[in-house]
Structures are given as structure tokens and as C-alpha cells.
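A short worksheet on the structure shown next.
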Amino acid sequence: MNDRWLTTKEQRRVLWRLLAYMGRYKKETALAFTLLLLATAGELSGPYLVKVFIDDYLVPGRLSFGPVAALAAAYLGVLVLKTIISYFQLVEFQRLALYVIQALRMDVFAKVHRLGMSYFDRTPGGSIVSRVTNDTEAIKDMFISVLAAFVQNGLFVIGVFVAMFSLDAKLALFCLFILPAIAFIMHTYRRYSSVFYQ
């Protein structure tokens, strides 16, 4: 087994190889990411409705029943819809991950069949089984939780800044100064954590 650490370029290449498996299932991928976009839109629209209630009704003191009830109903409707869409989005990502892992395991199993007998003399059987089952299971978790969370949070941050710039450009510009600090923390964490994981 090679104990050297992967470089950033090699890590990126491995990631793209894994993501390329999603290209085999275009329909499932498109549906999963469409549901993810809708769930993110629902997440962003809730605070906007609260803002409308505070600015247009609560602060001016115009608490007439009809419009406030309509806003409350819209807010509840958004919450219910977002919950339902999030559930189906999770199911779709689970399905997509299972398809990808099935294809990956078949490729790994075919690779194992092509290896020479000397490899099996040098490598314990448990290690080979672990590579085919446990390592691919970890990749499944990446597709279900990490990938979905990464895309959703990225879209959420973009949506928040679009909303902030439309409401108050000065405050949004001030908040932009936080992003380099966050990027630095993420880069530092990734650099050290990848060493420990490997």
C-alpha cells in the first residue's frame, strides 16, 4: 500500500472521477438538484415573508386581520412545502448515491478480477473486502450528505447576499468582508484534516 499523501491536484482529480459517475444517471441527478434548488428557495422565502410582515404591517401598526392572516398562511404553506420537498430531495439523493455506488462497486469488482495472483498473495483478503465494501460505503455518504449540503449551503449563501444587496447594499458590502475569513478557515481546516484522514 502506498502511504504517501495525495496532493491537492490528485485529490481534485479523484473527486472529478467520482462525480463523473453521476453523468451516467442524468435524469436522477437533474431531479435531485432541481428539488435541492426548490428546497433552498423555500428556505430563503420564509425570512422574506417575515420581513414583509415586520416592515409593512408591524412597524407601521397596520395589523388588519386579512393581510396578516394571508402572510401567516403563506409562511406556513412555505414551511410545509419546503419540508415535503426536502424529504423527496433526500430520497432522490439516496437513490442517486445507491446507483453510483452500485456502478462503482461493479467497476471495483471487475478490477479485482483482473489483478494477478501475486496481488492476492501480498494483500490480506479482509483488506480487499474492506476496499470493495467499506470504502465505497464512505463514498455513498459523501454523495448523500456532503455533496447535497455543500451545494445547498452554497446556493443559500448566494441567495442571502442577493437578498441583502436588494435590501441594504451598505450592510451587504460590510458582510462581504467576512467571506475571506471564512474561506481562510475552510482552506486551513481542509489542509490539515485531509492529512489526518489519509
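Quick rundown of the values:
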{"quantity": "In the range 6-25, the residues that are modelled with pLDDT under 85, surrounded by fewer than 11 Cβ atoms within 10 Å (Cβ to Cβ) and not β-branched (Val, Ile, Thr)", "calculated": "9"}
{"quantity": "Subset of the range 134-145 [surrounded by 12 or more Cβ atoms within 10 Å (Cβ to Cβ) and over 18 Å from residue 17 (Cα atoms)]", "calculated": "145"}
{"quantity": "Enumeration of residues in the range 30-41 that are surrounded by fewer than 19 Cβ atoms within 10 Å (Cβ to Cβ) and of a type in the set (Val, Ile, Thr)", "calculated": "34"}
{"quantity": "Sole exception among (1) in contact with a Phe, Trp or Tyr (Cβ under 9 Å, 6 or more places away or on another chain); (2) touching a residue at least 24 places away in the same chain (Cβ under 8 Å) for residue 71, by number", "calculated": "(2)"}
{"quantity": "Residues of the range 135-168 satisfying the condition of being in contact (Cβ under 8 Å) with a residue 24 or more places away in the chain and within 18 Å of residue 82 (Cβ to Cβ)", "calculated": "148, 151, 152, 155, 156, 159, 160, 163"}
{"quantity": "Output for the range 5-37, where each listed residue is under 15 Å from the mean Cα position of the chain (by Cα) and either outside any helix (DSSP H, G or I) or of a type in the set (Ser, Thr, Tyr) (or both)", "calculated": "29, 34"}
{"quantity": "Residues located in the range 48-68, provided they are without any contact (Cβ under 8 Å) to a residue 40 or more places away in the chain, closer than 21 Å to residue 155 by Cβ and not β-branched (Val, Ile, Thr)", "calculated": "49"}
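The values are calculated or read from the model by the stated rules, or taken from the named source; none is laboratory data. This is a predicted model, so every value here is computed, not measured. Methodologically, a virtual Cβ is constructed for each residue, glycine included, from the backbone with ideal geometry; neighbour enumeration extends over all protein chains shown.
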